[in-house]
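Chemist: Here it is, the structure, as structure tokens.
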Amino acid sequence: MDNFYKVLGVSQNATAAEIKRAYRQKAKQYHPDATHNEADAARFREIVKAYEVLSDLKQRSIFDESFSIRHGFSHYKKDSFNYREWLLKREDEESRSKLIFFDLMHNKEDEAVAEFKRMNMNFPHFSLTKWFTREDFMDYGFILAEELVIRQEYYDAVLLLEQIIRMEYSFSYFRFFFPEVLDLARNVLRNHLEGKINDELALDAWERALELRLGRKDDAFFLQKMASAYSRIGDERTADVCLEEAEKILQSRTSYKEHFE
């Protein structure tokens, strides 16, 4: 039996966030579309299998029990220094930002989401990007966005996904996993704003989405949603403009690329 922890390069105590990140990093490295190497293709299949097992709580539990019987696991020893308690005592933006990702990596997703929302509310210019490497922010930022969606914090999820998408456009990092990021953004923007957050916030989210190059059909859809929202708040003139723009996009025969140039 393969040691799936070793395959992904994580410890037996790895959190779900750490497993997700390790999987993406390993899969990008050995993806057959990138390497065109048969040995790497076999390694990639091992990585996918390891992730399928370790990302499922039931399968991981069965694997842990079976593997420990055969080989035994080394026990993790906690450091006497409690890093989380040290972060909790500090109120500066850097420490609270690091607390968010620390909690996210240590099975404290509720606490991470709550702190992220608190910081967004109390610090007008709060940004996680200032305190982490680009790679760390994009990896854990996406995981945080997923947790926000699970908890129906849709507007905050949109703001976070917007940052990640803009970063990816400036320099490719997710590569093969970027469609997963875009799918989550589309799902929130299309299905989880209207009627679930107030119209003003929804309008802001859809306006931001128009700049993300998600596609002509998406843009037309967002403009139609914006028209409905403007009508609800009594701005019929702007609603008509949105509908006109949506119609132009749908009737246009130009490519999506030309539409943005």
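The values are calculated or read from the model by the stated rules, or taken from the named source; none is laboratory data. Keep in mind that this is a model prediction, so the values were computed, not measured. Here Cβ is always computed from backbone atoms with ideal geometry, including for glycine, and neighbour counts include all displayed protein chains. Just so you know, the surface numbers come from the protein's heavy atoms only, side chains and all, with ligands and any DNA or RNA stripped out. Shrake-Rupley method; radii C 1.70, N 1.55, O 1.52, S 1.80 Å.
Chemist: Mind listing just one residue for me: the one in region 152-184 that is touching a Lys or Arg at 6+ places or on another chain (Cβ under 6 Å) and under 19 Å from Arg24 (Cα atoms) and, of those, surrounded by the most Cβ atoms within 10 Å (Cβ to Cβ)?
Modeler: Ranking the candidates gives Phe177 first.
Chemist: Additional query: Using the structure shown, decide if Glu245 is free of Cβ contacts under 8 Å to residues at least 40 places away in the same chain, out of contact with any His (no Cβ under 7 Å at 6 or more places or on another chain) and open to solvent by 30 Å² or more (accessible area, probe 1.4 Å).
Modeler: The answer is yes for Glu245.
Chemist: Something else: Residues Arg134, Arg118: which one is surrounded by fewer than 17 Cβ atoms within 10 Å (Cβ to Cβ), basic (Lys, Arg) and under 23 Å from Tyr169 (Cβ atoms)?
Modeler: Numbers: Arg118 fails: under 23 Å from Tyr169 (Cβ atoms).
From the options Arg134, Arg118, the qualifying one is Arg134.
Chemist: In the set Ser97, Ser74, which member is in a loop (DSSP other than H, G, I, E, B) and either out of contact with any helix residue (DSSP H, G or I) (no Cβ under 8 Å at 6 or more places or on another chain) or at pLDDT 85 or above (or both)?
Modeler: So the residue among Ser97, Ser74 that is in a loop (DSSP other than H, G, I, E, B) and either out of contact with any helix residue (DSSP H, G or I) (no Cβ under 8 Å at 6 or more places or on another chain) or at pLDDT 85 or above (or both) is Ser74.
Chemist: Which residue, of Ala16, Ala34, Ala22, is within 21 Å of Gly141 (Cα to Cα), among the hydrophobic types (A, V, I, L, M, F, W, C) and in contact (Cβ under 8 Å) with a residue 60 or more places away in the chain?
Modeler: Among Ala16, Ala34, Ala22, only Ala16 is within 21 Å of Gly141 (Cα to Cα), among the hydrophobic types (A, V, I, L, M, F, W, C) and in contact (Cβ under 8 Å) with a residue 60 or more places away in the chain.
Chemist: Give the number of residues within region 23-47 that are assigned to a loop (DSSP other than H, G, I, E, B) and surrounded by 15 or more Cβ atoms within 10 Å (Cβ to Cβ).
Modeler: The qualifying residues number 1.
Chemist: Among helices (runs of 4 or more DSSP H) lying entirely in region 143-261, which contain 2 or more residues that are of a type in the set (Ser, Thr, Tyr)?
Modeler: Per the criteria, 154-170, 216-232.
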